[in-house]
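Chemist: Questions regarding the structure given below will be posed in turn.
The values are calculated or read from the model by the stated rules, or taken from the named source; none is laboratory data. Only a predicted model underlies this, so the values are computations on that prediction, with no experimental measurement involved. Methodologically, a virtual Cβ is constructed for each residue, glycine included, from the backbone with ideal geometry; neighbour enumeration extends over all protein chains shown. The protein model used for the area step is the full one, side chains on, heavy atoms only, and it has no ligands, DNA or RNA in it. Shrake-Rupley method; radii C 1.70, N 1.55, O 1.52, S 1.80 Å.
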Amino acid sequence: MTKDNKNTEQAILEAAEQIFLEKGFKEAKTAQIADKAGVTHAMLHYYYRTKENLFEMVFDRKINLLKESIFMLVQNSDLPFPERLKLGIESHFDFLVANPDLPRFAINEIIHRPQRRAVLEPLIKKMANQLLEQLQTEIDHEVERGTIRPIEAVTLLLDIASLNIFVFAVLPLVRTFAMQTCQNEQEFLELRKRENVEVIMRRLII
């Protein structure tokens with residue numbers, strides 16, 4: 001594949017991501033994606049064939065980025081577990097800062113288009129299964145050492161996801177009142193990230 005071809009594929013994927021997040025899968029049109037990417041509709045069809053294929057490619061990329069962020073919990077084993085936990089929470093939050101519309105989009109797609117679960121569930125399940133086994137081993141080891149309180153790995157992940165995702169799921173509403181205490185949205189998000197880290201750490205650290 002030539003460099004031009006790769007650039008074209010990338011441009012189409014980036015345009016598809018923006019259109020999907022803005023309009024949802026149902027309302028997104030391949031003609032709109034092609035126009036935003038600066039390519040012809042025929043060229044988009046040549047590279048990706050269908051809107052469904054584009055959707056799966058976009059979300060596969062997002063799941064991989066999400067995986068990189070949350071796997072901070074079990075990577076860098078030379079660091080103490082509490083430090084890795086802090087980095088994992090922050091990394092997941094930063095992923096959401098970079099993709100603020102993703103939680104609302106995913107929730108809406110799952111609620112209003114149950115067939116989307118056929119695409120999303122295998123990707124999420126594969127990632128979760130890989131992480132949970134490693135994370136539970138880490139947790140059990142730390143509990144034995146007396147550094148943290150007992151907790152199931154799945155509960156810890158749900159706690160982190162719930163705290164972090166909620167901020168972005170309701171961000172449009174939050175903008176109407178919470179920003180009054182901060183100079184800007186960036187400051188607000190930094191405060192929320194620190195608060196979420198503190199909540200999880202107080203729950204676990206002895």
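Chemist: Once you charge only the Cβ atoms, +1 for Lys and Arg and -1 for Asp and Glu, what is the size of the charge dipole of the chain about its Cα centre, to the nearest 20 debye?
Modeler: 580
Chemist: Let me ask another. Taking θ as phi - 60°, what are the ³J(HN,Hα) couplings along the range 122-139 by the Karplus curve (6.51, -1.76, 1.60), each to the nearest whole Hz, with x for Gly and Pro?
Modeler: After applying 6.51 cos²θ - 1.76 cosθ + 1.60, I find x, 5, 5, 4, 4, 5, 5, 4, 5, 6, 4, 5, 5, 5, 5, 4, 4, 4 Hz.
Chemist: Can you send over the carbon and sulfur percentage of the accessible area for the range 1-106, probe radius 1.4 Å, protein chains only?
Modeler: Here carbon and sulfur together make up 50 percent of the probe-accessible area.
Chemist: Something else now. Add -39500 (n - 2.57) for each DSSP H run of 4 or more in the chain, then divide by its residues: what number comes out at 222 nm, to the nearest 500 deg cm²/dmol?
Modeler: -26000 deg cm²/dmol
Chemist: From Cα pairs below 8 angstrom and at least 6 apart in sequence, can you work out the relative contact order of the chain, rounded to a whole percent?
Modeler: 19
Chemist: What is the helix-to-structure angle for 3-27, meaning the angle in degrees between its Cα long axis and the longest Cα principal axis of the chain, kept from 0 to 90 and rounded to the nearest 10?
Modeler: Once rounded, the angle reads 80 degrees.
Chemist: Decide, for the range 62-198, between rounded, prolate and oblate: order the square roots of the alpha carbon gyration tensor eigenvalues as a ≥ b ≥ c, take rounded if a/c falls under 1.5, and otherwise choose prolate if a/b is larger than b/c, else oblate.
Modeler: It comes out oblate by the Cα gyration axes.
Chemist: Probe of 1.4 angstrom, ligands and nucleic acids ignored: what's the accessible area per residue over the chain, in square angstrom?
Modeler: 57
Chemist: While we're here: Please compare each pair in Lys62/Lys193; Lys51/Lys126; Lys23/Lys125; Lys6/Lys193; Lys36/Lys62; Lys6/Lys51 to a cut-off of 28 Å on the Cα-Cα distance and tell me which ones are over it.
Modeler: Lys6/Lys193
Chemist: Would you work out the relative contact order for the range 135-199, in percent, from Cα pairs under 8 angstrom that are 6 or more residues apart?
Modeler: The value is 23 percent.
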